[in-house]
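The values are calculated or read from the model by the stated rules, or taken from the named source; none is laboratory data. Every value quoted in this text rests on a predicted model; they were computed, and no experiment measured them. Neighbour counts are summed over all protein chains in view; Cβ atoms, including those assigned to glycine, are modelled from backbone coordinates with ideal geometry. Remember, those area values only see protein heavy atoms, side chains included, never the ligands or the DNA or RNA. Shrake-Rupley method; radii C 1.70, N 1.55, O 1.52, S 1.80 Å.
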Amino acid sequence: MSKFVIEGANKISGSIKVHSSKNAILPLLAASLLSSDPIEILDVPLLEDIKVLLQLLSHCGCDVKIEDGKLQITPDIKNGDINVDGVNKLRASILLLGSLLARGKKVVLGMPGGCNIGTRPIDLHIKGLSQLGAEIKLNQGYIEAKVKKLKGAKVYLDFPSVGATENIMIAAVLAEGETIIENAATEPEVVCLANFLNSMGAKVMGAGTDTIRVLGVKKLFGCSFVPIPDRIEAGTYMAMAAMCGGELELTNVICEHIRPIIAKFKESGVKVYEGENAVRVEAPDRILATDIKTLPYPGFPTDMQAPMMSMLSIAKGTSVIIETIFENRFLHVGELVKMGANIKVEGRVAVVEGVKKLKGAKVEAKDLRGGAALVLAALSAEGVSEVEGAFHIDRGYFEFEKNITSLGGKIKRV
Ligand code: UD1
């Protein structure tokens, strides 16, 4: 089990390139099973979550090769029984249900895992796939599902779930007839998946709005595809520079995707300059308090809540943070408090009284984004910190310590 040892209070300045989005790539991997030909995905950061899903594709029978970020998948489905280790490490493994059913396979899938940030039910996935004609049985610890041929249907989502929207889209592209997803998620990752499916020959319309229409086709073909940049990785580095008094340029950024994040940085006194596929931030003398409420896109992303809380813990004034998406997403609060932050939580609301400086401490990452938030806090704090549980952070930040070191931060993995 590795941990990060961080010597704080060093300026974070310079320029780095943001990687492709993990949350955009995971659905593409699941959707690759739909193609009859090889698929190429470029600029793939080999993060832990991506490795696990690739192992599950290999387990199904696919041939998977990755070299210098160029991923080649030759889809083949010999095995729909994936009640194996790995499924439980990853929430996105539930997307294999949609793609295997679309290929008419009988599926046995272990219960998906992922960050411990709430109950994370899968009822909307099950409801949607059942409406397309799948027979799904939930057993203790695993799911069984089968269908001869999925049939298009109208599916209304009670909540615009990102994963359920993606799963139903994936299932619908090879279904007979038309599927309409109402109250669909509008996140950029959903649009990226639609573009990927369409470049394989699917007919998906309306992604990015709350109504997605899918006209089923008979077959999908190979393609070469570049995923969108990671908006959460970008936001995390922006917060890091803002907290550590630096100037940072990020390339490979779609500013449109980080609009709500940029708005909150500006309210906090951080200077943000938008360029073409790039963004530059300049830290203020002191961060200013601001309020945050996480919401589905284009609202403020829940994945940026923890890094933002870290930043606001050293702001001038009091910030109120409301987490509306996941009910257990304040696991980082207790750890930030160990570093001198003054934060009180009542249900889904955190009240952050800014302090002047955090101080180094031994803390533990308990989930991916909360873990990143602790690294940010440690980089800005006075003294040395140890952040245990680096594996959580490795799930979502590629070459994290290499990037931080290149920007002037002092971080070591031990
Ligand atoms: C995805 C992201 C995750 C991000 C989240 C919200 C990936 C791999 N992960 O997760 O980083 O934090 O979107 O932007 O892309 N829900 C149900 N029933 C369901 C499905 C979801 O009640 O069947 C609820 C969840 O418990 C949660 C809310 O809907 O409260 C949002 O979840 P969802 O949008 O599905 O998140 P994920 O796709 O799991």
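G128 meets all of the listed conditions (1) open to solvent by less than 70 Å² (accessible area, probe 1.4 Å); (2) more than 13 Å from the ligand (Cβ to nearest atom); (3) closer than 18 Å to D210 by Cβ but one, namely (2). Would you confirm whether or not segment 179-197 contains a residue that is touching a strand residue (DSSP E or B) at 6+ places or on another chain (Cβ under 6 Å), among the hydrophobic types (A, V, I, L, M, F, W, C) and assigned to a strand (DSSP E or B)? Yes.
Whenever a residue of segment 275-298 is within 16 Å of S380 (Cα to Cα) and open to solvent by 30 Å² or more (accessible area, probe 1.4 Å), its partners that are assigned to a strand (DSSP E or B) and of a type in the set (D, E, K, R), lying with C-beta atoms within less than 7 angstrom and at least six residues away or across chains, give the pairs E282/E247; E282/K271; R286/K316; L288/K316. Within segment 221-243, track down each residue that is away from the ligand (no atom under 16 Å from the Cβ) and surrounded by 24 or more Cβ atoms within 10 Å (Cβ to Cβ). Passing the criteria: Y237, M238, A239, M240, A241, A242, M243.
A single member of K362, K344, K366 is open to solvent by 30 Å² or more (accessible area, probe 1.4 Å) and under 26 Å from K11 (Cβ atoms), and it is K362. Among the conditions (1) under 19 Å from S32 (Cβ atoms); (2) touching a residue at least 24 places away in the same chain (Cβ under 8 Å); (3) open to solvent by 30 Å² or more (accessible area, probe 1.4 Å); (4) not hydrophobic (A, V, I, L, M, F, W, C), the only one that E182 does not satisfy is (1).
Matching residues to (1) assigned by TED's automatic domain parsing to the domain that holds L97; (2) of a type in the set (S, T, N, Q); (3) free of Cβ contacts under 8 Å to residues at least 12 places away in the same chain; (4) within 14 Å of the ligand (Cβ to nearest atom):
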position	(1), (2), (3), (4)
G113	yes, no, no, yes
D123	yes, no, yes, yes
G141	yes, no, no, no
V147	yes, no, no, no
A153	yes, no, no, no
F159	yes, no, no, yes
T165	yes, yes, no, yes
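Can you find a residue in segment 203-222 that is of a type in the set (K, R), touching a residue at least 60 places away in the same chain (Cβ under 8 Å) and not in a loop (DSSP other than H, G, I, E, B)? Within segment 203-222, not a single residue is of a type in the set (K, R), touching a residue at least 60 places away in the same chain (Cβ under 8 Å) and not in a loop (DSSP other than H, G, I, E, B).
So S385 clears everything in (1) assigned to a helix (DSSP H, G or I); (2) over 20 Å from D303 (Cα atoms); (3) open to solvent by less than 10 Å² (accessible area, probe 1.4 Å) except one condition, right? Which one? Just one mismatch for S385, condition (1). Among the residues of segment 258-316, those that are assigned to a helix (DSSP H, G or I) and either within 19 Å of L368 (Cβ to Cβ) or modelled with pLDDT under 95 (or both) comprise I258, I261, T302, D303, M304, Q305, A306, P307, M308, M309, S310, M311. Filtering segment 316-341 to residues that are more than 16 Å from the ligand (Cβ to nearest atom) and more than 15 Å from T290 (Cα to Cα) leaves V333, G334, E335, L336, V337, K338, M339, G340, A341. Does E166 count as among the acidic types (D, E) and either over 17 Å from S99 (Cα atoms) or in contact with a helix residue (DSSP H, G or I) (Cβ under 8 Å, 6 or more places away or on another chain) (or both)? Yes; evaluated as a whole, the condition is true for this residue.
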